[in-house]
Structures are given as structure tokens and as C-alpha cells.
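I have placed the structure first, in the form of C-alpha cells, so that the comments after it can refer back to it.
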Amino acid sequence: MTPGTRIAGSRDGDRLLITLQGSLDAMSATALQTQLYDLTQVHDLLGLGMPVRHIHIDLAGVDFCDAAGLRMLVAARRVAEARQATCHLHDCQPHLRWLLRATRAADLFHLH
């Protein structure tokens with residue numbers, strides 16, 4: 001994973017908040033995708049029967065995103081879809097918002 005790239009998660013009822021920081025690139029995307037999947041599974045187990053229905057990803061701390069990072073975000077959306085959950089992206093930096101719109105990936109998410 002790229003130095004300085006981090007992922008953290010917390011749960012509030014049926015809502016999972018994931019905070020990403022650093023670069024979403026080929027060096028970090030696979031590790032972040034694995035951590036995202038693990039966070040979702042762990043929070044399902046800790047939810048004591050209440051499944052995750054809303055995945056909120058905070059992108060305020062993301063300073064770079066390439067195609068591999070975009071694939072990781074789309075994979076997060078697929079995880080949400082597989083569990084009949086919604087996927088929300090929060091606080092996209094202008095460069096990331098542009099990338100999402102240019103690739104039409106913005107249509108896959110609820111942007112806040």
C-alpha cells in the first residue's frame with residue numbers, strides 16, 4: 001500500500017462509514033479493496049443481526065485517484081449492491097469528482 005494511504009471504518013446501526021485517506025492508486029487499491037470487504041464483513045458480525053444497508057465513503061482525505069482507485073470505488077459499490085445496500089460518496093475533492101463524472105461512474109453512487 002502507498003505510504004500514508006489509510007482506511008478506517010465505524011458502524012452506526014445499519015450504516016457503515018468508511019474513511020479513506022491518501023492515494024487511491026495501483027499501489028494501494030488491492031489492499032484497500034480487501035480492507036473494505038473485511039470491514040463490511042466484520043461490521044456485519046458486530047452488528048448483532050443488523051446488516052449493513054448503507055455504506056458511506058468519506059473521500060475528503062483522498063489527494064490522488066487513478067483508474068485503479070476508481071475500480072476500487074466501483075468494487076465498493078458492487079459490495080453494497082450485493083448486500084442490497086446503498087453506496088454514498090462524501091466530500092469528493094474536485095479532481096475525484098471530475099474523474100467520476102468523466103468516466104460516468106458518478107451515476108453509480110449517491111454523491112454528497
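Quick check on the chain: helices-only [θ] at 222 nm, where DSSP H runs of length 4 and up contribute -39,500 (n - 2.57) each and the sum goes over total residues. Nearest 500, please. Mind showing how you got there, number by number?
Numbers: 3 runs with 43 residues, N = 112.
Value at 222 nm, helices only: -12500 deg cm²/dmol.
Which of the helices in the chain meet the span-like rule: DSSP H, Cα axial reach of 15 Å or more, Kyte-Doolittle mean at least 0.5?
Details: long enough: 29-46 (25 Å, 0.15); 67-82 (22 Å, 0.71).
Membrane-span-like by this rule: 67-82.
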Notebook entry, point to check: Could you give the dipole magnitude of the chain about its Cα centre, charging the beta-carbon of Lys and Arg +1 and that of Asp and Glu -1, in debye to the nearest 20?
Noted result: 220 debye
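May I ask what percent, to the nearest 5, of DSSP beta bridges between residues of the chain are antiparallel? Before the final figure, lay out each step's value.
Details: 7 of 23 bridges.
Bridges in the chain are about 30 percent antiparallel.
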Notebook entry, point to check: When volume of the Cα convex hull per residue in Å³ is calculated directly from the model, which label among (i) 82; (ii) 129; (iii) 94 fits?
Noted result: (i)
Checklist line | Farthest positive-ward along segment 14-112 dipole, Cα basis, beta-carbon charges - from 39, 82, 51 | finding: 82
Notebook entry, point to check: What percentage of the solvent-accessible surface of the chain, computed with a 1.4 Å probe over protein heavy atoms, is contributed by carbon and sulfur atoms?
Noted result: 55 percent
Notebook entry, point to check: Percent relative contact order of the chain, based on C-alpha pairs within less than 8 angstrom and at least six residues apart?
Noted result: 26 percent
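Can you sort 34, 40 by 1.4 Å-probe accessible area, starting with the largest? Could the numbers behind the result be given before it?
Numbers: 34 75, 40 0 Å².
Sorted by accessible area, descending: 34, 40.
The values are calculated or read from the model by the stated rules, or taken from the named source; none is laboratory data. All of these numbers come straight from a predicted model, not from anything done at the bench. Because the Cβ atoms are built from the backbone with ideal geometry, glycine has one as well, and the counts that use them run over all protein chains shown. Remember, those area values only see protein heavy atoms, side chains included, never the ligands or the DNA or RNA. Shrake-Rupley method; radii C 1.70, N 1.55, O 1.52, S 1.80 Å.
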